[in-house]
Structures are given as C-alpha cells and as structure tokens.
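Here is the structure we will look at.
The values are calculated or read from the model by the stated rules, or taken from the named source; none is laboratory data. These numbers were taken from a predicted model, which means no experiment stands behind them. Neighbour counts run over all protein chains shown; Cβ positions are idealised from the backbone, glycine included.
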Amino acid sequence: MELIKSSQNLKILKSVLIVFFGSILLVISAKIKIPFYPVPMTMQTFAVLFIGLSFGYKIGLATIGLYLLEGIFGLPVFSNSPEKGVGWIYFTGPTMGYLIGFLFATFLAGYLNFKTNFIVIFFKLIVSVSTIYILGVLWLGNLIGWDKPVIEFGVTPFLLAELFKISLLTVISKKILKFRNFI
C-alpha cells in the first residue's frame, strides 16, 4: 500500500513539475521575437502545440491554464507585457481570444491521434492552431468592430510564420510522441 501511495505521489509531483516548467517555456516562447516577414515571430504557438503533443491534453490544459492565470494575476508573462500592461486589463485586451484559443489548440494537439503519416499530422496541427486564430478573430472583431479588416490585422501577418512552425512540428512530431510515451 505504501509503495502504491509513493508511486502516486511521484506521478503527481512529476505532473506538477511538468506544468510549472511548461508555463516557463510558454513565457520564454512569448518573449523572444524572431525577425520574420511581415511581422516578428514568437514561438508561442509552437510551444502551445508542442506542450499538447508532448504531454497530452490533460497536462497541456493545466500548463496553459497556469500560464493564463499567471498573466491574469499580473505576472508579465504575455508577449507584449509589461510594455502594454499586465493582469486582467491586458488579458481582456485585443489578444484575449488568441490566449483562450491556446487552451483549445493544446487540447486538440494532445487529444488527436497523431500516430499516422506526416501529411495527416500536418493537417491535424493546422486544425489545432486554427482554433487560436478563429477565437482570436472572433474576440478581436467584437472588440474593435467588424467594420475593420479583422482578418487582415489578426491572421494574415502570421500565416507564413505559422506555416513554418507547423512544418517544423510535423517533422519532429514522431520524436515528440516517443518522448510522450516515455514520460
């Protein structure tokens, strides 16, 4: 009985550590801006999908949830914080839909069966990341008005970078899934 309880405690501790370090990975991926055309690129959506693929949807959702709570409670974890504010004010700004979309993308990346060929994996990752942009555009349109070119502001500048990140994830996905089975 003691051995079982000890094993369960180790599993819980491992999950908590993964969630904590995953949230740190998200912060780092949000803060590093890589020169890219037409706008600088962060690796944040890559990290969101990577977390879902690597750890599954349960730990992935917990990781994204912790990251969002850190930001809501005022830690400067989001991409443009603290320059553009922190906490609830920043969270409910123009990027809230995208941030909430992280939860859905991580869920899909962690839940969908990726044990197929690279073409299928590529399209499943596109579906996963699309949830970020769909929710982001819906929120942005409601916030700034649908009379403005919301897609042009909120999606188009990022498409080339997303294609790059999804391609990279597709290429390394088999290794990620082996790592996931190891954990």
Which residues, counting only those in the stretch 173-183, are part of a helix (DSSP H, G or I) and either exposed (fewer than 15 other Cβ atoms within 10 Å of the Cβ) or charged (D, E, K, R) (or both)? Lys174, Lys175, Lys178, Phe179, Arg180, Asn181, Phe182
Here is a list: Thr131, Thr106, Thr170. Which entry is within 30 Å of Ser7 (Cβ to Cβ), part of a helix (DSSP H, G or I), within 18 Å of the chain's Cα centre (by Cα) and of a type outside the set (Phe, Trp, Tyr)? Thr106
For a quick check of your reading of the model, give me the residue pairs whose first member lies in the stretch 148-163 and is over 16 Å from Leu135 (Cα atoms) and among the hydrophobic types (A, V, I, L, M, F, W, C), whose second is surrounded by 13 or more Cβ atoms within 10 Å (Cβ to Cβ) and modelled with pLDDT of 90 or more, with beta-carbon atoms closer than 9 Å and at least 6 apart or on different chains. Ala161/Thr42; Ala161/Thr45; Leu163/Ile126
Only residues that are closer than 18 Å to Lys178 by Cβ and touching a residue at least 24 places away in the same chain (Cβ under 8 Å): list them for the stretch 112-126, please. Phe114, Lys115, Phe118, Ile121, Leu125
Flag for Gly65 being surrounded by fewer than 20 Cβ atoms within 10 Å (Cβ to Cβ), of a type in the set (Gly, Ala, Ser) and assigned to a helix (DSSP H, G or I): yes
Matching residues in the stretch 13-51 (hydroxyl-bearing (Ser, Thr, Tyr), modelled with pLDDT under 95 and not in a loop (DSSP other than H, G, I, E, B)) number 1
Would you be able to say whether some residue in the stretch 127-147 is without any contact (Cβ under 8 Å) to a residue 24 or more places away in the chain, of a type in the set (D, E, K, R) and surrounded by 13 or more Cβ atoms within 10 Å (Cβ to Cβ)? no
The stretch 42-59 residues that are without any contact (Cβ under 8 Å) to a residue 40 or more places away in the chain and within 17 Å of Ile121 (Cα to Cα), paired with ones that are buried (at least 24 other Cβ atoms within 10 Å of the Cβ) and among the hydrophobic types (A, V, I, L, M, F, W, C) (beta carbon under 9 Å, 6 or more apart): Ala47/Leu26
Kindly indicate whether any position in the stretch 91-99 is small (Gly, Ala, Ser), in contact with a Lys or Arg (Cβ under 9 Å, 6 or more places away or on another chain) and more than 16 Å from Glu162 (Cβ to Cβ). yes
